[in-house]
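S.K.: Here you go, one structure.
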Amino acid sequence: MSSPTRATRGWWLILIAALLIWCANLDYRKLALSDEGRYSEIPRYMAQSGDWVTPRLNGIKYFEKPALQYWTTAAAYKVFGEHEWTARIWPAVTGFAGLLLIFFAGARLYGVAAGFYAALVLGSSLLYAGMAHILTLDMGLAFFMALAMVGVLLGLDPRGSPRSQKRWMQVAAAACALAVLSKGLVGIVLPGAVVVLYMLVKRDFGLLRRLHLFSGGLIFCAVSAPWFVAVSLANPEFPHFFFIHEHFQRYTSTVHQRYQPWYYFIPILLLGILPWIVTLFDSLFAAAKRERVREFNATLFLLIWAGFIFVFFSVSGSKLPSYILPIFPALALLMGARLAEIRGRTLALQLLPIALLAAAGLYATQFTERLASAAIPAELYRAQMPWLYMAAATLLAGMLAAITLGWRGKTHAAIVISAFTGLATTQLAVTSEDALSPAHSTYHLVKKLPPDLTPATPFYSIGSYEQTLPFYLKRTLTLVEYQDEMAFGLEHEPQHWIPTIKAFEPIWNAQPYALAVMGPDMYEQLQKANLPMLLIARDTERVFVRTPPRR
């Protein structure tokens, strides 16, 4: 057997193994907390109602985000059914597609080995791999922004033909449009700002002629505009809320109550790039020293891309850990280029602190139970601990193996082992969250509800809204004295809720058979008010009741 054949077979084995680990836990965990409940329910209602223009949360107009991921998830529901894995399929697919994209781009820019290592780094980074398995909109945005980045990199690559360059710039325009449809204007604002900043730093305004702004602009509008026009025509209130409230006010104020200090993303980046923390700094230093060229400089562009987006979100009035996800593909390319030339012993020394960190994590896991609270009792943390032990032990064992290989000069094997260790560690950590699902998800309580519950049975959510509940009930709820993120929709469709407990009481008393869910404090309050209720099920966070049987 020839050496190229062995190499090709080895690459295919790595790809298949990575894909199997990548998909292993998509259906294992119950949908949990706000984001997974919200972004599973909106497409569920969309598929059920047949209205693919107006997004609705719990049947109420919901305009905080565009519709692309809702469409893809609703389509998955239609084809495969409503499951945890179909709810999470879009982040998982776009996340893995991002690895293939970065391999392709790295191979074109820095060589095959660099592209291969860049994909390994990206797929094994804690934040990137973790977010690919948690249902949010951020991975779809990160993928299309990465595609836009690659389009610009290859569209301005002087080694390409004029025809190829134009096509890649058009790919970048289409990718920006899909990024906008994924999560809003950041999909065009950030890539555009990076291009402008690059031209200012390089003092190369001649690049404007090579951006193909006219054809790219037409493609961008053709892809992104139809839904915005359609949803605005169907809902005249949409443009002001989406473009002003959800973009300008979100960025410039703390209206969403997500304010964090300017340095918030520094520890997020360091933790999120595990197990490549030291390699990150080494790669950035090597990139900064890389020889400058008069032509388009891909390394400089990647540095500006990662740096500008990091600073942009650091000064924002609204911060969440996943916001910096779009910088990870750029960092992976820079790290892949560095790993393609690194010496084994240098890599071994870079991985040594990660092994020490893993050992500390293995020791600290025994104290997990101390995080217990009234909301999350100690027994749930005890159930989580075996998963966390396995995650820390996997990281420690993998780092020790990689350090040994690197020290012996087997650099390629050390990089591959490190990458698979990082991915396996992340998957174990993500999977561990299911042990907390009795507190974070309504799945378990829904199983205790009466079997005769139908979509026609009145069901009220009093003083709160459990995001995962409509998905598992396969129906919507009537909100009582609660608005929160649905306030704008309820302002325009007030028939979908009951504003006060006082208005709710006669409605409840008149129902021969109805159910309600509320928090423990609200349950005690209604008990003191002598509202007739029959307890069905409860946990630390939720109480389910029904109207008492009529005599």
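S.K.: Those residues that are of a type in the set (S, T, N, Q) and out of contact with any helix residue (DSSP H, G or I) (no Cβ under 6 Å at 6 or more places or on another chain), I need them from the stretch 38-62; list them, please.
M.R.: Q48, S49
S.K.: To continue, here is another question. Does T425 fit the bill of being more than 30 Å from W11 (Cβ to Cβ) and either at pLDDT 95 or above or buried (at least 22 other Cβ atoms within 10 Å of the Cβ) (or both)?
M.R.: For T425, the condition - more than 30 Å from W11 (Cβ to Cβ) and either at pLDDT 95 or above or buried (at least 22 other Cβ atoms within 10 Å of the Cβ) (or both) - is not met.
S.K.: Scan (1) under 17 Å from L302 (Cβ atoms); (2) polar (S, T, N, Q); (3) touching an Asp or Glu at 6+ places or on another chain (Cβ under 8 Å) for the single condition S125 breaks and write down its number.
M.R.: The one condition S125 does not meet is (3).
S.K.: Looking for whichever is farther than 30 Å from T299 by Cβ, hydroxyl-bearing (S, T, Y) and touching a Ser or Thr at 6+ places or on another chain (Cβ under 8 Å) here; the options are Y77, Y62, Y70. Which one fits?
M.R.: Y77
S.K.: Could you check the stretch 252-335 for helices (runs of 4 or more DSSP H) lying wholly inside it with 2 or more residues that are closer than 18 Å to A129 by Cα?
M.R.: Here the list reads 265-272, 277-289.
S.K.: Which one is surrounded by the most Cβ atoms within 10 Å (Cβ to Cβ), of the residues in the stretch 155-166 that are touching a residue at least 12 places away in the same chain (Cβ under 8 Å) and more than 12 Å from A298 (Cβ to Cβ)?
M.R.: Among residues in the stretch 155-166 that are touching a residue at least 12 places away in the same chain (Cβ under 8 Å) and more than 12 Å from A298 (Cβ to Cβ), the one surrounded by the most Cβ atoms within 10 Å (Cβ to Cβ) is Q165.
S.K.: Would you check which residues across the stretch 197-214 are surrounded by 15 or more Cβ atoms within 10 Å (Cβ to Cβ), in a loop (DSSP other than H, G, I, E, B) and of a type in the set (D, E, K, R) and list them?
M.R.: D204
S.K.: So G81 clears everything in (1) at positive phi; (2) surrounded by 20 or more Cβ atoms within 10 Å (Cβ to Cβ) except one condition, right? Which one?
M.R.: (2)
S.K.: Could you please find all residues in the stretch 1-20 being aliphatic (A, V, I, L, M) and either at pLDDT 95 or above or out of contact with any Gly (no Cβ under 9 Å at 6 or more places or on another chain) (or both)?
M.R.: Listed by number, the residues that qualify are M1, A7, L13, I14, L15, I16, A17, L19, L20.
S.K.: Of the residues that sit in the stretch 275-294 and are exposed (fewer than 13 other Cβ atoms within 10 Å of the Cβ) and more than 25 Å from L126 (Cα to Cα), which one is nearest to the chain's Cα centre (by Cα)?
M.R.: Of everything passing the filter in the stretch 275-294, K289 is nearest to the chain's Cα centre (by Cα).
S.K.: What is the residue count in the stretch 299-339 for residues that are within 17 Å of D157 (Cα to Cα) and at pLDDT below 95?
M.R.: 0
S.K.: Find all pairs meeting these conditions: Cβ atoms under 8 angstrom apart; at least six residues apart or on different chains; first residue within the stretch 22-40 and over 30 Å from L120 (Cβ atoms); second residue surrounded by fewer than 17 Cβ atoms within 10 Å (Cβ to Cβ).
M.R.: K30/H444
S.K.: Still on this model: Looking at Y482, is it at pLDDT 95 or above, under 15 Å from I60 (Cβ atoms) and not hydrophobic (A, V, I, L, M, F, W, C)?
M.R.: When the stated conditions are applied, Y482 passes them.
S.K.: Ok, one more. Residues R258, R290: which one is under 24 Å from V195 (Cβ atoms) and either in the same structural domain as F228 (by TED's automatic domain parsing) or modelled with pLDDT of 80 or more (or both)?
M.R.: R290
S.K.: While we're looking at this one, here's another question. If you check A18, A67, A97, A87, which single one turns out to be more than 27 Å from N235 (Cβ to Cβ), of a type in the set (G, A, S) and in contact (Cβ under 8 Å) with a residue 60 or more places away in the chain?
M.R.: Only one candidate qualifies: A18.
S.K.: Between a residue in the stretch 426-442 that is without any contact (Cβ under 8 Å) to a residue 40 or more places away in the chain and farther than 16 Å from P470 by Cα and any residue that is among the basic types (K, R) and surrounded by fewer than 21 Cβ atoms within 10 Å (Cβ to Cβ), which pairs come within a Cβ distance under 6 Å, given they are 6 or more apart or on different chains?
M.R.: No pair meets every condition.
S.K.: Give me a count of the residues in the stretch 336-347 that are part of a helix (DSSP H, G or I) and within 18 Å of A114 (Cα to Cα).
M.R.: Here the count works out to 7.
S.K.: For the stretch 506-536, what are the residues that are surrounded by fewer than 16 Cβ atoms within 10 Å (Cβ to Cβ) and part of a strand (DSSP E or B)?
M.R.: Hits for the stretch 506-536 are L534, L535.
The values are calculated or read from the model by the stated rules, or taken from the named source; none is laboratory data. Only a predicted model underlies this, so the values are computations on that prediction, with no experimental measurement involved. All Cβ positions, even for glycine, are placed from backbone atoms using ideal geometry, and neighbour counts span all protein chains on display.
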